[in-house]
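Have a look at the structure below, then the notes.
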Amino acid sequence: MIDLIFEIFVLKSIGSAALLILIIAIRPMILKWMNARVAYGLWLMLPIYLLLPINFVEVSSTGGLMTFFLGTENLPVDLIEEGFFAENLLASWSLIIWAIGFIISTMIFLFKYRRLIGSLKYIDQENISQYARYLENGSNTQLQLVTSPLIDVPAIFGLFRSYLILPKSFFGLPKQSQQAILSHELYHLNRNDHRVNFIRVLFKSLFWFNPLFYIADRYCEADQEISCDLGVLENSKPEGRAIYAKVLLESVAGVTQNRLVSQWKYQSLIKERVKMLNNIQAKKWHSWVACILAAGAIWLTSGVVMAKPDGIGENEAIPLVITNPRYPRKAAMEGIEGWVKVRFDLDSNGFPYELSVINASPEGIFENDALRAVRQWKFKTENGQKDLIYTLQFKLAADSKVSDNK
């Protein structure tokens with residue numbers, strides 16, 4: 001079971017990294033020929049890919065089938081294995097190290113989350129009244145207006161409850177600037193970007209060992225902000241865009257950034273956001289192109305990750321020596337039968353290596369005995385072979401009842 005989990009995790013890690021590279025590579029073309037909304041939507045490919053079954057494009061192959069019976073003549077009781085659930089050490093330790101990193105990353109996030117929640121203070125009623133009508137028109141009556149000493153820019157934050165963080169400096173801005181900022185933040189709110197940010201944090205925690213996820217997260221963050229600008233200005237007139245751009249440029253200043261919030265000012269993004277204000281027109285064919293690109297990218301990535309060399313599952317190598325696997329004592333005494341599907345490579349001498357369990361039923365009973373036996377097999381092959389698949393069936397022959405009395 002540990003081997004199977006490890007294999008799935010490795011394949012998903014490789015596939016998701018390849019998918020991120022592909023998204024980053026095509027992103028400039030998407031921004032140039034379409035818009036930021038399409039670019040932001042393409043990041044959905046990552047969670048979709050991770051949720052898909054690992055073998056949804058894999059060709060099913062049963063490989064060779066061998067059946068081994070428990071018999072008192074060739075498998076006496078005293079040779080039956082006591083230990084039947086020893087796992088692969090490399091896979092086990094790798095998963096342990098990953099779990100430690102995941103826990104540490106999650107604890108850091110929870111600490112920041114609790115610290116920010118604890119710093120929130122509700123804004124005085126007098127300051128809220130002048131924005132109440134504007135917020136109600138946006139159907140955001142449940143939105144809580146707060147301030148925080150940790151966030152010095154307007155921002156949307158929250159998981160179960162939504163908060164609009166407004167720093168004290170916001171109330172001194174011109175009315176025109178305030179309206180532009182509120183429009184931007186309310187668009188984040190209606191699109192649930194503040195909740196998407198928690199998913200981004202989760203991905204970075206799951207793949208804490210891969211710096212590519214941190215790089216990709218910055219691009220995703222940029223597309224989130226730019227696409228929000230597009231949504232606010234989609235139906236605006238040129239003069240409205242000019243005012244919005246002016247407010248953006250005036251907001252350039254050293255500010256504190258927090259990855260848990262969807263905020264108005266990102267100093268490093270201001271110039272790119274202003275530049276993209278000229279490309280805000282969304283067309284119907286954009287969505288179709290995005291869907292086709294996403295489906296193609298996911299299919300291609302999965303196909304590459306699960307690609308098998310020619311001859312996989314065909315078992316062209318000729319077996320010369322087949323060692324019978326031992327029948328686990330527990331399975332023999334309880335009358336349990338099952339099977340194990342094993343994948344392995346052959347070296348130039350015909351000996352198996354890089355063995356792994358593809359699947360087994362029931363789990364945790366026959367895997368180790370199957371692997372131990374296959375390691376002792378020998379095949380006739382000239383240059384070795386990759387990805388052979390054999391299914392070992394464990395059967396209880398008639399009149400082969402095993403007793404625990406010795």
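The values are calculated or read from the model by the stated rules, or taken from the named source; none is laboratory data. Keep in mind that what you see is a predicted model, and the values were worked out from it rather than measured. Neighbour counts are summed over all protein chains in view; Cβ atoms, including those assigned to glycine, are modelled from backbone coordinates with ideal geometry.
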Suppose the filter is surrounded by 17 or more Cβ atoms within 10 Å (Cβ to Cβ) and either over 24 Å from the mean Cα position of the chain (by Cα) or at pLDDT 85 or above (or both); does Gly101 pass it? no
So which residues in segment 147-162 are in a strand (DSSP E or B) and surrounded by 23 or more Cβ atoms within 10 Å (Cβ to Cβ), if there are any at all? Ile151, Ala155, Ile156, Phe157
Residue ID - nearest to Tyr390 (Cα to Cα), chosen from residues in segment 315-359 that are among the β-branched types (Val, Ile, Thr) and assigned to a strand (DSSP E or B): Val342
Here are some conditions: (1) assigned to a helix (DSSP H, G or I); (2) more than 20 Å from Ala25 (Cβ to Cβ); (3) at pLDDT below 65. Glu225 meets all but one. Which one does it not meet? (3)
(1) at pLDDT 90 or above; (2) more than 39 Å from the chain's Cα centre (by Cα): which one isn't true of Asn405, the others all being true? (1)
Residues that are modelled with pLDDT under 85 and over 30 Å from Gly364 (Cβ atoms): list the helices (runs of 4 or more DSSP H) wholly contained in segment 1-55 that include at least 1 such residues. 2-33, 36-42
Please specify each residue of segment 179-218 satisfying the condition of being closer than 23 Å to Lys112 by Cα, in contact with a helix residue (DSSP H, G or I) (Cβ under 9 Å, 6 or more places away or on another chain) and not in a helix (DSSP H, G or I). Phe207, Trp208, Phe209, Asn210
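Residues are listed down the side, and each one gets a yes or a no for (1) crowded, with 18+ Cβ neighbours inside 10 Å; (2) in contact with an Asp or Glu (Cβ under 6 Å, 6 or more places away or on another chain); (3) farther than 21 Å from Arg329 by Cα; (4) modelled with pLDDT of 85 or more:
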position	(1), (2), (3), (4)
Ala360	yes, yes, no, yes
Gly364	no, no, no, yes
Ala373	yes, no, no, yes
Leu388	yes, no, yes, yes
Ala397	no, no, no, no
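Does any residue of segment 222-234 turn out to be loosely packed, with under 14 Cβ neighbours inside 10 Å and of a type in the set (A, V, I, L, M)?
Residues of segment 222-234 loosely packed, with under 14 Cβ neighbours inside 10 Å: 234.
After this cut, where a residue has to be of a type in the set (A, V, I, L, M) as well, the list is none.
Checking segment 222-234: not a single residue is loosely packed, with under 14 Cβ neighbours inside 10 Å and of a type in the set (A, V, I, L, M).
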